[in-house]
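The values are calculated or read from the model by the stated rules, or taken from the named source; none is laboratory data. Because the structure is a prediction, the values reported are computed rather than measured. When we count neighbours, we look across all protein chains shown, and the Cβ atoms used for this are built from the backbone with ideal geometry, even at glycine.
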Amino acid sequence: AQSVTQLGSHVSVSEGALVLLRCNYSSSVPPYLFWYVQYPNQGLQLLLKYTTGATLVKGINGFEAEFKKSETSFHLTKPSAHMSDAAEYFCAVDFGNEKLTFGTGTRLTIIP
Amino acid sequence: EAGVAQSPRYKIIEKRQSVAFWCNPISGHATLYWYQQILGQGPKLLIQFQNNGVVDDSQLPKDRFSAERLKGVDSTLKIQPAKLEDSAVYLCASTQAGYATEAFFGQGTRLTVV
């Protein structure tokens with residue numbers, strides 16, 4: 001079955017610390033992978049995506065993610081957290097059918 | 001470039017009443033989606049349109065939900081009659097046709113059923 005799993009519904013990090021948000025997927029076909037961010041009362045905004053090619057993908061606001069096929073993972077990282085990074089983050093997968101399946105989301109809190 | 005427009009932003013109705021949401025996608029985007037996002041969960045696809053045709057409505061509760069996309073541009077999603085469990089944010093998104101293209105989301109309509 002095709003699925004998306006985000007480990008940790010809530011993550012708290014100190015300002016300036018490393019941010020790591022985890023995403024794993026289950027798929028029988030090569031997936032297309034996305035990370036979206038959602039600020040309160042807002043829609044979703046694309047952070048980055050992986051389709052083909054280089055497995056390390058850089059996105060907006062200093063975020064990056066690495067596609068690891070052997071681990072079926074697409075974890076999101078940022079070297080140094082900023083207060084403005086506080087939001088909900090969603091991993092999403094296109095299993096080759098032009099629609100997104102979302103994980104349950106991770107709420108990121110930044111501690112001053 | 002204008003984004004995906006949705007209205008209203010907020011709606012409160014009593015159970016068993018009807019409600020309609022409107023979405024205007026980005027100009028030229030052939031594919032339009034409606035997602036339901038229940039509090040604490042990720043968005044769940046309700047229906048996908050390609051131009052004015054339905055591609056996937058397998059997750060749409062058809063006994064109470066309906067959607068249309070006349071002329072392949074804007075779209076409406078209707079709930080009749082509403083249940084308490086329909087309380088959620090309804091998100092509209094659009095993309096150019098094709099795989100792995102970026103989906104652009106509207107700000108959503110927050111529905112509260114009391």
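Data overview
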item: Count - residues of segment B:33-80 that are of a type in the set (S, T, N, Q) and either surrounded by 21 or more Cβ atoms within 10 Å (Cβ to Cβ) or outside any loop (DSSP other than H, G, I, E, B) (or both); result: 7
item: Qualifying positions in segment A:48-78 - under 12 Å from A:Pro30 (Cβ atoms) and of a type in the set (A, V, I, L, M, F, W, C); result: A:Phe67
item: Output for segment A:20-63, where each listed residue is of a type in the set (A, V, I, L, M), at the interface with chain B (Cβ under 9 Å from one of its Cβ atoms) and surrounded by fewer than 20 Cβ atoms within 10 Å (Cβ to Cβ); result: A:Leu46
item: A:Thr55 being among the polar types (S, T, N, Q) and closer than 22 Å to B:Tyr33 by Cβ; result: no
item: Whichever residue in segment A:76-112 is at the interface with another protein chain (Cβ under 10 Å from one of its Cβ atoms) and among the small types (Gly, Ala, Ser) and, among such residues, is nearest to B:Val54 (Cα to Cα); result: A:Gly96
item: Residue match in segment A:22-32 (condition: within 19 Å of B:Thr95 (Cβ to Cβ), under 12 Å from the mean Cα position of the chain (by Cα) and in contact (Cβ under 8 Å) with a residue 40 or more places away in the chain); result: no
item: Unique residue being at negative phi and not in a strand (DSSP E or B) when the list is A:Ser70, A:Ser12; result: A:Ser70
item: Yes/no for B:Lys83 being surrounded by fewer than 17 Cβ atoms within 10 Å (Cβ to Cβ), away from every other protein chain (no Cβ under 13 Å) and in contact (Cβ under 8 Å) with a residue 24 or more places away in the chain; result: yes
item: Residues satisfying the stated conditions in segment A:40-58, i.e. in a loop (DSSP other than H, G, I, E, B) and out of contact with any helix residue (DSSP H, G or I) (no Cβ under 9 Å at 6 or more places or on another chain); result: A:Pro40, A:Asn41, A:Gln42, A:Gly43, A:Thr51, A:Thr52, A:Gly53, A:Ala54
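Per-residue answers, yes or no, for (1) modelled with pLDDT under 95; (2) within 13 Å of chain A (Cβ to nearest Cβ); (3) exposed (fewer than 13 other Cβ atoms within 10 Å of the Cβ); (4) closer than 28 Å to A:Val93 by Cβ:
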position: B:Glu14; (1), (2), (3), (4): no, no, yes, no
position: B:Gly28; (1), (2), (3), (4): yes, no, yes, yes
position: B:Thr31; (1), (2), (3), (4): yes, yes, no, yes
position: B:Ser87; (1), (2), (3), (4): no, no, no, yes
position: B:Ala100; (1), (2), (3), (4): yes, yes, no, yes
position: B:Thr109; (1), (2), (3), (4): no, yes, no, yes
